[in-house]
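Here the structure is laid out as structure tokens; the discussion comes afterwards.
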Amino acid sequence: MTAIRWTLVIHGGSGSMRRGHLSDADDRAGRAGLKAAIEAGSAILAAGGSALDAVEAAVRLLEDDPHFNAGRGSVYTAEGHIECDAAIMDGATLDAGAIAGVRATRNPITLARAVMERSHHVFLAGSGADAFARAHGVESADPAWFETAERRRQLDEILANPDAPFDSAMKYGTVGAVAVDTHGHVAAATSTGGLTGKKWGRVGDSPLIGAGTYADDRACAVSCTGAGEFFIRLGLAHEITARVRLAGASIDDAADALISELGDMGGKGGVIVVSADGSGGWAFNTPGMYRAIATHDAPPEIAIYGDE
Ligand code: ASP
């Protein structure tokens, strides 16, 4: 008989969200988006579906929700474009797919999955990735689909203060999901518009396998959010799985240790983790992180602030 244990953890980005600083409307919208995504992924896992299907479904909903910095509602580049990055990984096989700098594909995470399952490659970038989407019937979208007035306002604010330190301009809001299914397989997915005002084809950690996204049935699945350059330098997502697999660390200890090391380097952000044995958790060193967890035996818990 198959065990009925499953766990799903999602995030909608880490950042400076403090109790009282977020408007009631934004607080409600963030929680509603997380609720819809955790419920969609949970329904798949509860029906015996795969971790891979669950993380893709959860991330697709967050991509379509304009309150998060992924898909629709992504941040603008300095030149006023929207360029999305995403990655997905199957912990059962170590298969992975990733895309960067796509401008015309509605759900970047579904394109990442298509790269994983329907190409010989792991990572496609730029117009070539959008062309692959068209060639494989992955839904396109006009640039206008991704655009929101609030993200335009954030870009204008940054362009008006070009001398502000780059880090102070960061508005996190990346989305991600990690799951273990009833078969004991783990998967991870991450999707982002990157950083507001990014230039020169900058790509962060989110689509880099091992930096912002990693999954291995022998340990755990990891999705990151935060100042990508630091996550890349630490190889953070893979480092957590390595400490769980090789050093026998718990997912909580490994996540706490890596976020502490990130902080020591000057980096800010957070991480969600699910272990192959069913536990789920997170760590972050920002005031808040949009996050939710659901398991086979507990209803979804949704939180934004550090004290929840
Ligand atoms: N990690 C993402 C990046 O560096 C940003 C984020 O998490 O919001 O592109």
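The values are calculated or read from the model by the stated rules, or taken from the named source; none is laboratory data. All values reported here derive from a predicted model rather than from experimental measurement. Here the Cβ is made from the backbone with ideal geometry for all residues, glycine too, and neighbour counts use every protein chain on show. To get the accessible areas, we keep the full protein, side chains included, count just its heavy atoms, and leave off ligands, DNA and RNA. Shrake-Rupley method; radii C 1.70, N 1.55, O 1.52, S 1.80 Å.
Along the principal axes of its C-alpha atoms, what lengths does region 1-132 span, in descending order and rounded to whole Å?
Per principal axis, max minus min of the Cα coordinates gives 46, 45, 19 Å.
Find the accessible area per residue for region 24-91; the probe is 1.4 Å, ligands and nucleic acids are left out, and the unit is Å². It would help to have the intermediate numbers written out before the result.
Details: 2140 Å² over 68 residues.
Heavy-atom accessible area per residue stands at 31 Å².
If you wrap a convex hull around the C-alpha atoms of region 81-233 and split its volume per residue, what is the figure in Å³?
116 Å³
Can you sort LYS35, LYS198 by 1.4 Å-probe accessible area, starting with the largest?
From most exposed to least exposed: LYS35, LYS198.
What accessible area, in Å² to the nearest ten, does a 1.4 Å probe give for LEU208?
The accessible area comes out at roughly 50 Å².
Could you pull out every residue, at least 5 positions away or on a different chain, whose amide H is within less than 5 Å of the one on ALA249? Hs are placed 1.01 Å off N in the peptide plane, and Pro or chain starts have none.
VAL244
Using 0.36 nm times the number of residues separating HIS136 and ALA32, minus their current alpha carbon distance, what extension gain do you get?
Extending this stretch completely gives an extra 34.2 nm.
Could you work out what % of the accessible surface of the chain is carbon and sulfur, using a 1.4 angstrom probe and leaving DNA, RNA and ligands out of the count?
Exposed carbon and sulfur together represent 52 percent of the surface.
From the protein chains alone at 1.4 Å, what is the descending order of accessible area for SER223, SER119, SER250, largest first?
From most accessible down to least: SER250, SER119, SER223.
Give me the base-10 log of I(q)/I(0) for the chain at each q in 0.08 Å⁻¹, Debye formula, one uniform scatterer per Cα, rounded to two decimals.
-0.29
With springs connecting C-alpha atoms under 10 Å apart, model the chain as a Gaussian network and identify which of VAL244, VAL274, VAL102 has the largest mean-square fluctuation.
VAL244
With +1 on each Lys and Arg Cβ and -1 on each Asp and Glu Cβ, and nothing else charged, work out how big the dipole of the chain is about its Cα centre, in Debye to the nearest 20.
380 debye
Once label points are set 7 Å from the Cα along Cα→Cβ at both MET265 and SER23, what is their separation, rounded to one decimal in nm?
With each label point 7 Å from Cα toward Cβ, the separation is 3.6 nm.
So, taking all protein chains as they sit and a 1.4 Å probe, how much accessible area belongs to HIS296, in Å² rounded to tens?
Near enough 60 Å² of accessible area.
Quick one: work out the % antiparallel among DSSP beta bridges in the chain, nearest 5.
In the chain, approximately 90 percent of DSSP beta bridges are antiparallel ones.
In the chain, with Lys and Arg counted as +1 and Asp and Glu as -1 at Cβ, which of these residues, GLY263, GLY80, ALA276, has the Cα nearest the positive end of the dipole, that is, farthest along it?
Checked the options; the winner is GLY80.
Distance from a point 7 Å along Cα→Cβ of GLU301 to each backbone N in region 1-43: keep the residues under 15 Å and list them by number.
Hits in region 1-43 for GLU301 at 15 Å: 7-11.
Compute log10 of I(q)/I(0) for region 151-270 with the Debye formula, placing one identical point scatterer on every Cα and leaving out solvent, at q = 0.13, 0.17, 0.19 Å⁻¹, to two decimals.
Each listed q maps to, in turn, -0.53, -0.82, -0.97.
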